[in-house]
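Presented below is the structure to which this report refers.
Readers should treat all values here as calculations from the given coordinates under stated rules, not as data from a laboratory. From a predicted model like this one, the values you see are computed outputs, not experimental measurements. Because the Cβ atoms are built from the backbone with ideal geometry, glycine has one as well, and the counts that use them run over all protein chains shown.
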Amino acid sequence: MPKIEQPASPIPAALQGLHLFHFDGAPCAQRVRFALGEKGLSRGREEKFDSVTPAAVKGEPGRWVSRVVSLVKKDHMTAAYAQIHPNMVVPALVHEGTLYLESMDIIEYLDNAFGGTPLIPTAAELRSATMQRVEQAKVLHRSIRYVTFHWGLGRLAMLKPRERQHLAALAEQGSDGEGLVSFYDGYSTGTIPDSVYTDHLAQLYAAFQDLNSQLGDGRKFLMSDDVTIADAFWSMKILRLLECGYPVEAHHPNLYAWYQRVYQRPSFQHEVMGRNRLTNCLFRSKAGIERLLGKGLKPAVDALAA
Ligand SMILES: N[C@@H](CCC(=O)N[C@@H](CS)C(=O)NCC(=O)O)C(=O)O
């Protein structure tokens, strides 16, 4: 059973229906939006993440209310959001006043609470194999952070000393369970050795090779011919890494073909990409220029295979 949170903020308890605190370009939120789409729930109106006016708290039948927490504007590093999510990350879901955190738990909750595509197999063996793949993806989320910050976001994502102090002060009241404080300290001061980034890239590479060979038996999706929560987790890693210029097709062809199958699904097209196309295009263009210059993520991935 997903954990029921008791937030310090009064906002979640005031919300009716389904509300998602998310960011369009964040893989952890994208996987939940994919799951919502698979459950037949589409994006409804947009509200400010902390709005509790009588109109803003209303739910919408068959839809989820979108509460964007901008990672660019640093909405997630505000006291208002830290009281909703003590780790200061997206996503967070509220259903009829109850708050759910952690994308894996949120998807598990949605799978039990709504119809549509079943995302967690019921047969014991397949279920356990599926959840192992999800756990592996969860652990490797940190590697995605290191790789995308280093090769994708660059200086744009660095925090000024004042912002880091503010983050540390908020974390003292919350839990900082995702290690944002130490990550941003190291990242913003340029003190993380290059070998750490390369090691995270190598961990992702090894996991992708493993999935690539598993897909060699001709199955349509990661666990079987049916889409599952594992596809939701892993496909968002590929989406993000393609944006950073990772040559997925050249190194992991089965994985790339699988990704295309997931990408074509209406849930991916509408709920994941719906408002993400411009950002996706900008990142891919930047990566394309780097590739032409022989820089960026591609040579780093090629070097791993050499
Ligand atoms: N284990 C969490 C991870 C959430 C997470 O790390 N979210 C990222 C976006 S993918 C975030 O909000 N990062 C904030 C930042 O990097 O400043 C989950 O799966 O829900």
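Which of F49, F233, F114 ends up with the largest GNM mean-square fluctuation for the chain, with Cα atoms connected below 10 Å?
Residue with maximal mean-square fluctuation among F49, F233, F114: F114.
Calculate, in whole percent, how much of the Cα-Cα pair population of region 98-181 lies beyond 14 Å.
On the way: 2654 of 3486 pairs.
Percentage above 14 Å: 76.
Given the pairs K58/K220; K39/K298; K74/K138; K220/K298, which span a C-alpha to C-alpha distance of over 30 angstrom in this model? Intermediate results must be reported in sequence, preceding the final value.
Values: K58/K220 39 Å; K39/K298 36 Å; K74/K138 23 Å; K220/K298 27 Å.
The answer is K58/K220; K39/K298.
What is the local net charge at S143, summed over the other residues whose Cβ is closer than 12 Å to its Cβ (Lys, Arg +1; Asp, Glu -1)? Kindly include the intermediate steps, with their values, before the conclusion.
Values: positive: K138, R142, R145, K237, R240; negative: D199.
The answer is +4.
So for the chain, taking the charge dipole from beta-carbon charges (+1 Lys/Arg, -1 Asp/Glu), which of H76, G174, L292 sits furthest toward the positive end?
Most positive-ward Cα: L292.
Tell me, what ³J(HN,Hα) does each residue in region 95-102 have, in order and in whole Hz, if you take phi through Karplus 6.51 cos²θ - 1.76 cosθ + 1.60 with θ = phi - 60° and put x for Gly and Pro?
Calculated HN-Hα couplings, in order: 10, 6, x, 9, 9, 10, 10, 6 Hz.
Determine the sum of side-chain charges near P118: Lys and Arg each +1, Asp and Glu each -1, restricted to other residues whose C-beta is under 10 angstrom from that of P118. Mind showing how you got there, number by number?
Working: positive: K39; negative: E38, D111, D226.
Every neighbour counted, the sum reads -2.
Springs between alpha-carbon atoms under 10 Å, Gaussian network over the chain: tell me which of G25, G177, G97 tops the mean-square fluctuations.
Per the Cα network of the chain with a 10 Å cutoff, G177 tops the list.
Return one quarter of the surface area of the convex hull spanned by the alpha-carbon atoms of region 1-146, equal to its mean projected area, in nm².
For region 1-146, averaging the hull's shadow over all directions gives 8.6 nm².
Within the set of other residues whose C-beta is less than 11 Å from the C-beta of K298, count the net charge using Lys and Arg as +1 and Asp and Glu as -1. Present the calculation step by step, with values, prior to reporting the outcome.
Values: positive: R291, K295; negative: E290, D302.
Neighbour charge sum, excluding K298 itself: 0.
Could you please rank S128, S235, placing first whichever residue has the fewest other Cβ atoms within 10 Å of its Cβ?
Values: S128 10, S235 28.
With the sparsest Cβ surroundings first, the list reads S128, S235.
Return the long-range amide H neighbours of N276 (sequence gap of 5 or more, or a different chain), with a cut-off of under 5 Å between placed amide H atoms.
So N276 has HN proximity to no qualifying residue.
Can you tell me which of R33, R219, R133 moves the most in a GNM of the chain? Springs connect C-alpha atoms under 10 Å apart.
Evaluated over the chain, the most mobile residue of the options is R219.
Taking the Cα centroid of region 79-151 and of region 155-218, what is the distance between the two, rounded to the nearest whole Å?
18
Return the tail of the calculated pair distribution for region 124-305, meaning the percent of Cα-Cα pairs more than 22 Å apart.
Numbers: 8508 of 16471 pairs.
Of the Cα pairs, 52 percent sit more than 22 Å apart.
Using θ = phi - 60° and the Karplus form 6.51 cos²θ - 1.76 cosθ + 1.60, what ³J(HN,Hα) does each residue of region 107-113 get, whole Hz, x for Gly and Pro?
Taking θ as phi minus 60°, the curve returns 5, 4, 4, 4, 5, 6, 8 Hz for region 107-113.
Kindly give Rg over Rh for the chain, based on alpha-carbon atoms, with the Kirkwood expression for the hydrodynamic radius.
Rounded to two decimals, Rg over Rh is 0.95.
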